[in-house]
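A short write-up of the structure that comes next.
The values are calculated or read from the model by the stated rules, or taken from the named source; none is laboratory data. Worth saying up front: this structure is predicted, and the values here are computed from it rather than measured. Because the Cβ atoms are built from the backbone with ideal geometry, glycine has one as well, and the counts that use them run over all protein chains shown. For accessibility, only protein heavy atoms count, side chains too; no ligands or nucleic acids. Shrake-Rupley method; radii C 1.70, N 1.55, O 1.52, S 1.80 Å.
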Amino acid sequence: MDGHDGGRRELIRVAAAFTLLSVARHTVGKADMSTEAKWSQTTFSQVKRIVEALRLAGEPFPLDDATRVLHLLSDQADSTAAELTRILDRYTVIRVKLDPHGVGDASPGGCDFQLRELGWRNFLVRVDNPAKVVGPLFLAGRRVLPEGDLQSSIHDSHVLGNDERQAVKSSPDVNYDLGRDPSQWLGFRFGLATLLKDGLEGAAVEYQLLQLYSQAGGQNTASIVVGLAALPGAHRSTGRSFTKTFTSTPPSRVALSIKDSDGEGATASLLITDLAGRVYPAPAHRIEPDLGYQWHVYRADGESIRLPAGHYKIAYSRGPEYLKGEQDLMVPSAGEPMSLPVKLERWIDPPRLGWYPGEPHIHAEGQEFGNVSKLGLTPETMIRQVRGEALAVGSILIWTGGYYYQKQFLTGHVYEPTYELPFLQVQQANNTSLSPVPAPHDRESLIRYDVEQAAFPSNRFGHPILLRVKTHDFPGAPGVYDWPSWNLPILQWAKTQGAVCGYAHCGLSMSVDSVELPNYEIPVLDGLGANECLVDITHGVVDFMAGGEPPPVADLNVWYHLLNSGFAVPMIGETDFPVGSGTRVIGTVRTYVGLGSAPRGDTGYNAWTEGIKAGRLYFGDGRSHLIDLRANDHPIGTGAITLPKPGRVVLSANVGAWLQDTPADPDSDPRTIGFAHWHIERARLGTSHKVPLEVVSNGRVVERREILADGQLRPISMTIDVQHSSWIALRILPSVHSAPIIVSVGGKPVRASRRSAQWCLECIEVLWHKHSWRIRESERGAAEAAWNHARNTYRTIASECAVD
């Protein structure tokens, strides 16, 4: 069934015929089906549902056959089964007879065996099922690949082969573990989304809808076997298969014109679906830079994409600072060149105001599906992700997964893009057509490779992020499993290189029952979050904390307690892509750093990371912004302000937020972190268009305003009484949070809460009792001395606090 032969008029006429059928069904009596055992009521019902599903998907039967089938379905006389069989056979790709165990005997049907290159066609499968077995079908065979849901990323360093200690070469065609054989050109899936029931229903004759996807053009052969999916794997190949050659009609090349709001060319995210909701390019057949665990692909102005004839929805975006757009695209006939103009529209432009978004926690880890190399994605893939989300900076963090391969990219410098496809020979074998083209806005994005100490021997003490390292060869450690078994020595060594250091996903070990901020429940500390950060921060080697993955209260609680204890480190937003969020490198939270000029090259990366260290930043989901926060006209991130005695502090900022008119489901993307992730919709006040802007001082809300989230940037000013040395920040929770501004009264340090210092002390005791056994005996003495230093520090801080 080629779904666009008759155009829209055919769709309307078939719809009218189907409406008449629905009316007629109320007046036609039930036929006695006992004389036609093979065509039960179930079979007629299945065919009716298939006709309707194809119509709704925009791929109906040709008009004459559709009209006749609908008429026969309304009759359901004994004589109709034979005629229906003859008509349906013209669209049947496989006839299969199942034995009582579900093993299939497959043979070719009477269809035209025409496919669409890089696209889908729908066919019928006739199932003779004398034993009336039930359950979903499977299809298998040579050169056949199932097209299912998005593929998951993997996070297992042993799977990734990291017991090897030798460096992996970077040749584009060797030393790669092929994640998928490109000769698997034929994709398939049964049913049509939610329009049809899943599997056999127990009739003697049944029809199933089979969708076939062709990754290849021209003539290609596949061997096919069909059976019951419940069969044990060892028996799935016992059915009789058949071999058939298919011919694929060529797609059209769609030239892309992708312009940013200033009219300059840019890279953007495109989500391409047809009327049946199927995604293009088909995720299971993708090779990087297109990823099989993302619905969308990234394309630049001047590039192109190939699509078969059809009706498509194109959804486009470029990060949360842009409005999402959507448009229709009609590709009328095979091989006809097309063009697609995309005009991006910003609702806010932080870089124009001097605030540059970045993502300090991205991974290029190896993936199980959708890529060629399981050792990790290439830099050209990673920088495309960063450009497509309008990030100024992306820090690609190597870890033990794919470590020896990815380490070649940790040069101590910003990556210089080449605009080359990775694994060219495999790309050609897989019939991919992307030809990378520079876009003007590409120059505004950079990536640099740095490190997360994840799955190293110190793993359970938390995951330090080491930004701006020059080398990652720890003295005396020939392999990743020879590194120190706790983190402080690593951080001290990184600091000698001028690195900016912090802890990743701090809240992962900090979740408790309380939702108060701050709260004083002691977490179990069995995750991979802040953990040893509570010790190391007393040694002066922690420049920042990172959060945004778990519930906001888990991140913020530990941060607030440390701020209350006088440790004025900022928190930054992170994604942990693709582990924390497989959808986009923006994930849930990004980091905005204030700079005098756009970050370019090594100098720009250094300035951006120095901005993190100074706390000249805010972090959030990109749907609300805190621009140019000042206290007594003292800019954030330029040191503490001093008051000789208690007094007032005037906070000022330009605040903007955007909510769409109709409340949206913040969990609409199934690959986000559910209730845990930051999203401005969670801050919406009822069904209004407002969100609460709060001033936080020493962890407590001391002022609150309601802000209209209409996308406009507005100045705000609030006056706060400060009685003793304090930290102050702005937030719209859970959407955006500023770094703290320190107000020193009478030259004294912040000692905001005795209970906070005591909480930190109790946490490091739990950590020692639970995990100290993981520290090597040769390192245990130094670790115990470090813990004792931290214990004494928190006790001293508690004794200096005038406030409980």
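I want to confirm something. Restricting to the range 628-672 and keeping residues that are among the β-branched types (Val, Ile, Thr) and not in a strand (DSSP E or B), which single residue is modelled with the lowest pLDDT? Checked the range 628-672; the qualifying residue modelled with the lowest pLDDT is Thr672. Scanning the range 72-83 for residues that are out of contact with any Ser or Thr (no Cβ under 9 Å at 6 or more places or on another chain) and either without any contact (Cβ under 8 Å) to a residue 24 or more places away in the chain or open to solvent by less than 10 Å² (accessible area, probe 1.4 Å) (or both) yields Ser79, Thr80, Ala82, Glu83. Looking for something under 24 Å from Trp347 (Cβ atoms) and either at pLDDT 95 or above or open to solvent by 10 Å² or more (accessible area, probe 1.4 Å) (or both) - is there at least one such residue anywhere in the range 693-701? Looking for residues that are under 24 Å from Trp347 (Cβ atoms) and either at pLDDT 95 or above or open to solvent by 10 Å² or more (accessible area, probe 1.4 Å) (or both), one finds at least one in the range 693-701, hence yes.
The one condition from (1) farther than 24 Å from Gly529 by Cβ; (2) in contact (Cβ under 8 Å) with a residue 40 or more places away in the chain; (3) of a type outside the set (Gly, Ala, Ser) that Val469 does not meet is (1). Residues in the range 444-492 that are modelled with pLDDT of 95 or more and among the acidic types (Asp, Glu) were compared, and the one that is nearest to the chain's Cα centre (by Cα) is Glu452. Pull up the range 767-804, narrow it to residues that are touching a His at 6+ places or on another chain (Cβ under 8 Å) and at pLDDT below 95, then point me to the one that is surrounded by the most Cβ atoms within 10 Å (Cβ to Cβ). Out of the qualifying residues, it is Val803. From the list Asp555, Asp536, pick out the single residue that is closer than 22 Å to Glu681 by Cβ and in a helix (DSSP H, G or I). So the residue among Asp555, Asp536 that is closer than 22 Å to Glu681 by Cβ and in a helix (DSSP H, G or I) is Asp555. Restricting Leu517, Leu525 to residues that are more than 24 Å from Arg468 (Cα to Cα), in a loop (DSSP other than H, G, I, E, B) and touching a Ser or Thr at 6+ places or on another chain (Cβ under 7 Å) narrows the list to Leu525. Here Ala216 passes the criteria (1) modelled with pLDDT of 95 or more; (2) surrounded by fewer than 24 Cβ atoms within 10 Å (Cβ to Cβ); (3) within 22 Å of Arg306 (Cβ to Cβ) except the one numbered (1).
If you check Gly412 against the conditions, is it open to solvent by less than 10 Å² (accessible area, probe 1.4 Å), within 26 Å of Pro464 (Cβ to Cβ), among the small types (Gly, Ala, Ser) and in a loop (DSSP other than H, G, I, E, B)? So Gly412 fails the test.
Picking from residues in the range 518-541 that are under 22 Å from Arg590 (Cα atoms) and hydrophobic (A, V, I, L, M, F, W, C), the one that is nearest to the chain's Cα centre (by Cα) is Leu528. For the range 475-492, the set of residues classified as closer than 21 Å to Thr411 by Cα and open to solvent by 40 Å² or more (accessible area, probe 1.4 Å) consists of Pro475, Gly476, Pro478, Gln492, listed by residue number. Taking the range 444-474 as the range and being surrounded by 23 or more Cβ atoms within 10 Å (Cβ to Cβ) and part of a helix (DSSP H, G or I) as the test, only Phe461 passes. Taking the numbered list (1) part of a helix (DSSP H, G or I); (2) of a type outside the set (Ser, Thr, Tyr); (3) in contact with a strand residue (DSSP E or B) (Cβ under 7 Å, 6 or more places away or on another chain) in turn, Ala782 passes all entries but (3).
Does the range 610-627 contain at least one residue that is open to solvent by less than 20 Å² (accessible area, probe 1.4 Å), of a type outside the set (Asp, Glu), farther than 27 Å from His363 by Cα and touching a residue at least 60 places away in the same chain (Cβ under 8 Å)? The answer is yes; a qualifying residue exists.
For the range 721-766, a residue qualifies if it is open to solvent by less than 10 Å² (accessible area, probe 1.4 Å), of a type outside the set (A, V, I, L, M) and out of contact with any helix residue (DSSP H, G or I) (no Cβ under 7 Å at 6 or more places or on another chain), and the qualifying residues are Ser725, Ser726, His737, Ser738.
One residue stands out among those in the range 420-443 that are modelled with pLDDT of 85 or more, within 25 Å of the chain's Cα centre (by Cα) and not in a loop (DSSP other than H, G, I, E, B): the one that is surrounded by the fewest Cβ atoms within 10 Å (Cβ to Cβ), which is Arg443.
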